[in-house]
Amino acid sequence: MATKKKRTPNTQNSSSSWVAITAESAIDTHKDGDPAFVKLRHPSTDAASLYLFSSGDVGLYEVKAFTEDCHSWFIGQAVQRDGRLLYITPMDPLYLMLPYLVKAATEGKFQPLDQVVMDEEFPACSRLLGCTRSLSSVRHIAEEKEVGSQKFHRYSQEKTLQWLNKKVDRIAAALRRTNISVGEGVKSTTYVRVKAESDASDEDYLRYAHGLVSEYISQDLSRALLKHLQLPELLSPKETEPPSKKRKLSELPVEAAEDFSKFNSSDFARKPPKKMTTAQKTLAKVDKSGMKTMSSFFSPKVKVKAERK
């Protein structure tokens, strides 16, 4: 008697494998250590988000995700049920340091950076000071004093607005150079028309670039930047936005609760059956033997062939 061959269970943990797109510089390893994913406070939302420090904390990278419903990945012989495509892009560490400097500015004094960039909830924020661009660029958002061999800093909104202004100008120039449509009706970063608009003004590009930068700064600073750019604030921006449409892909920061250390299988649990109403319960108790179904009254009649004599 033939026996049915049992399938060998797959011991590989698919939740530990992910699909990501990133530059080689983010994953290069050397003697200073390996790249590491860390939880840091998002500079705009103040929520926990996932970031990547390159080897030796030389560079900082933001982790975002393209998501689409009902998708998964085949990784080796395993199936990764989370079908997100992660993409890891370079990020200026000053954006993440800025909220700490703003908070410390209430004291009105110069302080060492290692006493400013501190967070009990996110202790890894101190690694921001190890990035190559951090110490050399902090002068763009803070005043600096040097006493002996030690440097002290204090937040400067004037310098910060000038720094952000340059960011907006560079982004606006890149948008124009690549013919990204930013005209009226395209005020949201979630909707970009493919066809370029030749009548887009400089204000359209600046306003769109301002919206992109505002995703990484506080609302108060975003309004101050808008005023610094001499752009009038839109009273009802929703009137100029296109009608909402379903997006197959989304660009969302990967929340720290969804990091690479665990997989939440409860998201895929089957939903419990809906409770029956009183009328449905009463109908279920009725004896239906001998009754015809409703569909039988509408089904076509079956032709009976006459028997040959």
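Throughout, read-outs are computed from the coordinates displayed, never taken from laboratory work. Keep in mind that this is a model prediction, so the values were computed, not measured. Ideal geometry is used to build each Cβ from the backbone, glycine not excepted, and the neighbour counts take in all protein chains shown.
Quick look at the values:
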| read-out | value |
| --- | --- |
| Nonlocal amide H pairs with S156, under 5 Å, H built at 1.01 Å | A142, E143 |
| Separation in nanometres of the label points that stand 7 Å from Cα toward Cβ, at S201 and S72 | 5.3 |
| For G83, distant residues with modelled amide H under 5 Å away | H71 |
| Cross-link table K39/K103; K109/K166; K109/K167, entries beyond 23 Å C-alpha to C-alpha | K109/K166; K109/K167 |
| Anisotropy class of the range 91-186 from Cα gyration tensor, a/c 1.5 cut | prolate |
